[in-house]
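S.K.: Shown below is the structure under consideration.
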Amino acid sequence: MNSLLALIPALPLAGFLVLSMAGRRMSKSAIAAIGAGTVGIAAIIVIAIAIQFLQAPPAGNAYSQTLWQWMRTENFSCDFSLRVDALSLVFIFIITFVGALIHIYSAAFMRPDRDYARFFASMNLFVCAMLLLVMGDNLVVMYLGWEGVGLCSYLLIGFWYEAPANCHAANKAFYVTRIGDTAMIIGLFLLYNELGTLNIESILQLSVSQFSTGSNTITWIAILLMLGGMGKSAQLPFQTWLPDAMAGPSPVSALIHAATMVTAGVYLIARMHPLFQLSPLAMDVTAVVGAVTLLVAGCSAMVQTDIKRILAYSTISQVGYMFLALGTGAFSAGIFHFFTHAFFKALLFLAAGAVIESLHHEHNIFKMGGLKNKMPVVFYTFLAGAAALAALPLITAGFFSKDQILWYAWSANNGNPMLWFVALLGAFITALYSTRLMLVVFWGDEKTHVTKLPGRLMTAPLVVLAVLSVTAGFIEWPHNLLHVTFFSDFVQQVLPATSLRDGIPEEIIMQGIAVVVTLLGIYSGYALYRPGSVAVDQMKQSDFVMGFRNFFFKGWAFDELYHTVFVRPFVYITQMNRADVFDRINTSIASGSRQLSKWLSVSQNGSLRWYVAGVLIGVIVLFTLQLFL
Amino acid sequence: MILAYIIVILLIGGLLCWLIGRWNPDIVKWIALLTVLTDLALISTIWFMLKSLPISGTWLLDFQVNWIPSFGTSFHLALDGLSLVMLVLTFFLGTLAVICSWKEIKQRTGFYYFNLLWTLAGIAGVFLALDLFLFYFFWEVMLVPMYFLIAIWGDSNRRYAAYKFFIFTQAGGLLMLISILALYFINGAQTGTYSYDYFSLLNTQLDPSAAKWIMMGFLVAFVIKLPMVPLHNWLPDAHSEAPTAGSLILAGLLLKTGAYGIIRFVLPIFPAAAADISWWAMAFGVLGIVYGAMLAFAQTDIKRLIAYTSVSHMGFVLLGIFAFREMAMQGVVMQMVTHGISTGALFLLAGMLKERLHTRDIGKMGGLWTSMPAMGGVAMLFTMASLGLPALGSFIAEFLILMGTFPVNIPLTVIATLGLVLSAFYSLRLMQKVFLGPVTVEHPVKDMSAREMLIMASVTIGILLLGLYPQPVLDMVRDVVQNAVTMRQ
């Protein structure tokens, strides 16, 4: 099995190489076969490895493979090597399996596009980079994947590059995440400086003995790494790039900006959890960042009108839940939410893509409506996804993962009632906007005519994901309901078990509250947005409500803030100095000499009288000096 | 002896080009190509031969004959790992320079290739000379033909750029000459034998203030070439006005002679004085990183933009050298090689764009990906190289430099690392203005020809190999780097 590891990222890489070099001369079917085929085979290999892993766990609970020595100098050496343990296995399963479904969907979705080959080339490269990110056994390989997914995200957001807005969105995504990445690489330098290695296993082993809990160094390291994670995972204050990233094709949003890349930060923190556990401050920061983000993004999701932007804000918000879970010390709960979220959010994006495609690229949900009977497959699958997002109790995957997070937000070692309350509020908001989305898009009057229905190739992945959005949660039940802890047992090979505080309320009470709040959210959504309801119109009369609505709509005005504080001054300074102030020094030396030559050449006028006078004056001056000195 | 051949072949090839160019201008490019390919083959043979031989000591090959014995100068060439790496780069880029001029140069081709080959000879000489008089001689040999390349085959403002280039470099060169003479006389007075030889000058006893001033002479000459902010102003003009091959050689090779000079002469001859100014040198390096990147972001002329990115990237070199750490110094050597390739590639692309669109103004470009997807792809790769994407060579270089420098000076390293953010700003802006966005050119432009594909394929393979498997280069220069670093203790 060890030797198969390299094949997993190598297959999509091969797909990328073939498509980028020969793709323009290939038929569309061949392109789709290579693009989707490579990821599909990789998914099959992953499943084979996973089965093997479960049946006969390898020594040390990990497979590893060293490919070649990347660099070695002084005391530093770094191999190009891969390592798969339980945590990475969860991630590579999602990346390849959901990735393969999305690739199949894209084969039909992107078919009319001129740059079919470029699309699949970039998608394959993304899958490869994402796999390296989670499979790297040292932080340098991880950083390679980390930057690689950033590049692919940039390429795919700006896929339709002829519209300037798309390019701006792509650039923004790259810039904002690069700031996080730079913090992260400084964290790497600091780690190397302290421990003398960047191998993940060694770091985790050494850190416990090398760092004292809560020391400055470890806090710095943890915070710097987390900044990297926050950038990629679009957490406050780096969240601004993700809504704009919706400029890319819908499958891109499903794969990169919902299922995989935006959870890179979650992976990083889970992977490096011993470092975070050594720094209570970093843990608190993680939890608070998650909590604030889920609320801020949730409020924005409530008022968006673009179907993809709703989903984008909802993604930010759900990743916020994952950060919250990690920060409270409930690592396995965070990863479990990543697992279920990958299915239902990818599903929602793909289904949204199908809707948009059928309605002449209409993004505004208020111009949709009545699609329930027109697009039944999309409707039922979307319903499954939205129910999972709203965490409809017991029958959706989202419930099982989110319920855990809510419970641990109060009861885990690092949790507290305040975090729980924010998460609960977030759950209410999530249920509300999920209901709103469903009702506005699928019920009511038909506002735009449906021209074409998605084909089998597109609906099949939707159905698979819909089934998983419902059932994926059953592998991990709340302890008090049913003793099924398959998922947490598995990832807790790597991650620490969640320890509870003292003096916490009964779990069943908390669950009851969560269920009631969720149902209340769904009901509020229904009350506000059911066909024929005038409640929203009445609310819009109030300036106060509209003020908040617009503020949320703009994403809490973060874009304006950054524009004023960072972008404008930077552009102003660089534009001011375009001609390079240092060049002035050189040109003034040149013009000074020229001026001097002009003055002196006045004396060189060819008139004898002037020369005689000059000589005389000179003689007199010299004599005077002689006399007086 | 083979070392002398390397240079002599270039000199003779250049003369042949000039002579034959009078009768048959078409054949000279073949002569030039043959000349650089011969040297490339020679240097590659040396690389592979030396790999198989167990060699003790850092000096792999040595060649010395008397030149002007009464002055104490000899024709002394020697090759160590660093020179070898730089020579491979020289002839690799030299070959590309000849191929990329194939169609661009239509006037006075004989004289053009003469200048090109002689510049290369000067550069090869600089990388090999171990006699300071000879070094100075080669330093001038590489300058004068370059001046002609810019002044004759350059763009509209070529005279100004050529003068500026000449005056800056020559001012530095003269300071270096004074320093060389000072060293020569002090050493002669101490030992009784007057010699310009590197190894005898290496042991000169200097009192600290003399060492400082003499070192400054060398250092100024080298940092002008590097270039270091604020002595960089010759570079944007020279790069943007020079013909494509000129920009390629300037960015890819000439700048590296500055870094090479510091590593070869300044650190070993003046270890204490260099250590004294290390903080300032690093600070100026960091200033260059940030300042160059900000200037690059504001440019509208594509070649000026790339030129300022060189200023930024060379700041890493200065920072890494004066950290006096093996890892950082390894990164410096990698940066010299990878910057040569990646920035060279960007200048090649700029040249191809200019041939097609007859402008260097990025405001007049846009959406070129549509008509030139292959060139767009290559351009994407090299903009990524310039912003330091892992898997490409530049990342290895900057990573090693920064990680090596970190323990020496944390605040400066952190500021330098922020340069990575700035590099993203200018790189993506370049990409967006030229290849992305709405299509602005009226007539569809032709994508790369087979010849251009060949050029770009070779640099692509180069930058990928260096990014994924840099170890051969790191191994080759390890001894040199260790010596340079330990010299200080």
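The values are calculated or read from the model by the stated rules, or taken from the named source; none is laboratory data. Since the model is a prediction, treat every value here as computed from it, not as a measurement. Glycine gets a Cβ as well: all are built from the backbone with ideal geometry, and neighbour counts include every protein chain shown. Protein only, heavy atoms only, side chains kept; ligands, DNA and RNA dropped before computing areas. Shrake-Rupley method; radii C 1.70, N 1.55, O 1.52, S 1.80 Å.
S.K.: How many of the residues in region A:165-182 are closer than 30 Å to A:Gln210 by Cα and either within 9 Å of another protein chain (Cβ to nearest Cβ) or open to solvent by 10 Å² or more (accessible area, probe 1.4 Å) (or both)? Don't jump to the end; show me each part of the working.
M.R.: Quick first cut of region A:165-182, residues closer than 30 Å to A:Gln210 by Cα only: A:178-182.
Subset that is either within 9 Å of another protein chain (Cβ to nearest Cβ) or open to solvent by 10 Å² or more (accessible area, probe 1.4 Å) (or both): A:178-179, A:181-182.
Number of matching residues: 4.
S.K.: The conditions are (1) modelled with pLDDT of 85 or more; (2) more than 30 Å from A:His361 (Cα to Cα), and A:Val470 fails exactly one of them. Which is it?
M.R.: Every condition holds for A:Val470 apart from (2).
S.K.: Working only within region A:19-56, note down all residues that are of a type outside the set (A, V, I, L, M), under 30 Å from A:Asp113 (Cα atoms) and either open to solvent by 60 Å² or more (accessible area, probe 1.4 Å) or not in a helix (DSSP H, G or I) (or both).
M.R.: Those that are of a type outside the set (A, V, I, L, M), under 30 Å from A:Asp113 (Cα atoms) and either open to solvent by 60 Å² or more (accessible area, probe 1.4 Å) or not in a helix (DSSP H, G or I) (or both): A:Arg24, A:Arg25, A:Ser27, A:Lys28, A:Ser29.
S.K.: Filter region A:104-119 for residues that are under 16 Å from A:Phe343 (Cβ atoms) and either facing another protein chain (nearest Cβ under 10 Å) or open to solvent by less than 10 Å² (accessible area, probe 1.4 Å) (or both) and give the result. So that I can check it myself, show each step before the final result.
M.R.: As a first pass, look at region A:104-119 and keep what is under 16 Å from A:Phe343 (Cβ atoms): A:104-105.
A:Tyr105 - this is the single residue of region A:104-119 that is under 16 Å from A:Phe343 (Cβ atoms) and either facing another protein chain (nearest Cβ under 10 Å) or open to solvent by less than 10 Å² (accessible area, probe 1.4 Å) (or both).
S.K.: Got a sec? Which of B:Ser278, B:Ser312 is open to solvent by less than 10 Å² (accessible area, probe 1.4 Å), under 21 Å from B:Ala328 (Cβ atoms), in contact (Cβ under 8 Å) with a residue 12 or more places away in the chain and out of contact with any strand residue (DSSP E or B) (no Cβ under 6 Å at 6 or more places or on another chain)?
M.R.: Values: B:Ser278 fails: open to solvent by less than 10 Å² (accessible area, probe 1.4 Å).
None of the other options fit; the residue is B:Ser312.
S.K.: Moving on. Please state which of the following conditions A:Gly214 fails to meet, knowing it meets all the rest: (1) open to solvent by 10 Å² or more (accessible area, probe 1.4 Å); (2) on the phi < 0 side of the Ramachandran plot; (3) more than 12 Å from chain B (Cβ to nearest Cβ).
M.R.: The single condition A:Gly214 does not satisfy is (2).
Residues are listed down the side, and each one gets a yes or a no for (1) among the hydroxyl-bearing types (Ser, Thr, Tyr); (2) more than 30 Å from B:Asp475 (Cα to Cα):
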position: A:Ala10; (1), (2): no, no
position: A:Ser20; (1), (2): yes, yes
position: A:Ser27; (1), (2): yes, yes
position: A:Ile31; (1), (2): no, yes
position: A:Val46; (1), (2): no, yes
position: A:Leu67; (1), (2): no, no
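S.K.: Mind counting the residues in region A:259-284 that are assigned to a loop (DSSP other than H, G, I, E, B) and either open to solvent by less than 10 Å² (accessible area, probe 1.4 Å) or on the phi > 0 side of the Ramachandran plot (or both)?
M.R.: In the first step, residues of region A:259-284 are kept if they are assigned to a loop (DSSP other than H, G, I, E, B); the result is A:260, A:272, A:278-279.
With either open to solvent by less than 10 Å² (accessible area, probe 1.4 Å) or on the phi > 0 side of the Ramachandran plot (or both) added as a condition, the list becomes A:260, A:272, A:279.
So the answer is 3.
S.K.: A follow-up question, please. For residues that are more than 13 Å from A:Leu495 (Cα to Cα) and of a type in the set (A, V, I, L, M, F, W, C), tally how many sit in region A:326-353.
M.R.: 12
S.K.: If we keep just the residues of region A:149-164 that are in a helix (DSSP H, G or I) and within 10 Å of chain B (Cβ to nearest Cβ), which is most open to solvent (accessible area, probe 1.4 Å)?
M.R.: Let us first name the residues in region A:149-164 that are in a helix (DSSP H, G or I), namely A:149-157, A:164.
Filter again for within 10 Å of chain B (Cβ to nearest Cβ), leaving A:150-151, A:154-155, A:164.
Values: A:Gly150: 9, A:Leu151: 18, A:Tyr154: 7, A:Leu155: 33, A:Pro164: 63 Å².
The residue in question is A:Pro164.
S.K.: Residue check: is B:Ala323 touching a helix residue (DSSP H, G or I) at 6+ places or on another chain (Cβ under 7 Å), more than 11 Å from every other protein chain (Cβ to nearest Cβ) and assigned to a helix (DSSP H, G or I)? Break it down stepwise before answering.
M.R.: Details: touching a helix residue (DSSP H, G or I) at 6+ places or on another chain (Cβ under 7 Å): yes; more than 11 Å from every other protein chain (Cβ to nearest Cβ): yes; assigned to a helix (DSSP H, G or I): no.
Considered against the rule, which asks whether it is touching a helix residue (DSSP H, G or I) at 6+ places or on another chain (Cβ under 7 Å), more than 11 Å from every other protein chain (Cβ to nearest Cβ) and assigned to a helix (DSSP H, G or I), B:Ala323 comes out as no.
S.K.: One residue is enough: does region A:62-85 have a residue meeting the conditions in a helix (DSSP H, G or I), hydrophobic (A, V, I, L, M, F, W, C) and either over 19 Å from A:Ser122 (Cβ atoms) or within 14 Å of chain B (Cβ to nearest Cβ) (or both)? Can you show your working first?
M.R.: Within region A:62-85, the first condition is being in a helix (DSSP H, G or I), and the residues that meet it are none.
No, that holds for no residue.
S.K.: Another question about this same structure. Of the conditions (1) more than 9 Å from chain B (Cβ to nearest Cβ); (2) open to solvent by less than 10 Å² (accessible area, probe 1.4 Å), A:Ile185 clears all except one; give me its number.
M.R.: Condition not satisfied by A:Ile185: (1).
S.K.: Report whether or not A:Tyr562 is within 30 Å of B:Val311 (Cα to Cα) and touching a residue at least 24 places away in the same chain (Cβ under 8 Å). Talk me through it step by step, then tell me what you get.
M.R.: Values: within 30 Å of B:Val311 (Cα to Cα): yes; touching a residue at least 24 places away in the same chain (Cβ under 8 Å): yes.
Spelling it out, A:Tyr562 is indeed within 30 Å of B:Val311 (Cα to Cα) and touching a residue at least 24 places away in the same chain (Cβ under 8 Å).
S.K.: Moving to a separate point now. For region B:433-451, how many residues are touching a helix residue (DSSP H, G or I) at 6+ places or on another chain (Cβ under 6 Å), assigned to a helix (DSSP H, G or I) and under 24 Å from A:Ala22 (Cα atoms)? I'd like the intermediate steps shown before the answer.
M.R.: We begin by selecting, within region B:433-451, every residue touching a helix residue (DSSP H, G or I) at 6+ places or on another chain (Cβ under 6 Å); these are B:433-437, B:445, B:447-448.
If we keep only those that are assigned to a helix (DSSP H, G or I) as well, we get B:433-434.
Keeping just the survivors that are under 24 Å from A:Ala22 (Cα atoms) gives B:434.
Of the residues in that region, 1 qualify.
S.K.: I'd like the residue in region B:361-387 that is among the hydroxyl-bearing types (Ser, Thr, Tyr) and within 29 Å of the chain's Cα centre (by Cα) and, out of all such residues, is nearest to the other protein chains (Cβ to nearest Cβ).
M.R.: Step by step, filter region B:361-387, then rank; the result is B:Thr383.
S.K.: Then there is this: Do you know which residues across region B:149-202 are touching a strand residue (DSSP E or B) at 6+ places or on another chain (Cβ under 7 Å) and either basic (Lys, Arg) or part of a helix (DSSP H, G or I) (or both)? Write out each step before concluding.
M.R.: From region B:149-202, those touching a strand residue (DSSP E or B) at 6+ places or on another chain (Cβ under 7 Å) are B:196-198; that's our starting set.
Listed by number, the list holds a single entry, B:Tyr198.
S.K.: Can you tell me which residue within region A:139-160, out of those that are in contact with a helix residue (DSSP H, G or I) (Cβ under 6 Å, 6 or more places away or on another chain) and not hydrophobic (A, V, I, L, M, F, W, C), is modelled with the lowest pLDDT?
M.R.: It comes out as A:Gly158.
S.K.: With at the interface with chain A (Cβ under 10 Å from one of its Cβ atoms), more than 18 Å from B:Gly340 (Cβ to Cβ) and not aromatic (Phe, Trp, Tyr) as the only criterion, which of B:Thr405, B:Thr440, B:Thr486 stands out? Write out each step before concluding.
M.R.: Details: B:Thr440 fails: at the interface with chain A (Cβ under 10 Å from one of its Cβ atoms); B:Thr486 fails: at the interface with chain A (Cβ under 10 Å from one of its Cβ atoms).
Within the list B:Thr405, B:Thr440, B:Thr486, the selection yields B:Thr405.
S.K.: Buried (at least 17 other Cβ atoms within 10 Å of the Cβ), assigned to a helix (DSSP H, G or I), among the aliphatic types (A, V, I, L, M) and away from chain B (no Cβ under 14 Å): which single residue out of A:Leu242, A:Leu191 fits that description?
M.R.: After ruling out the rest, the residue left standing is A:Leu242.
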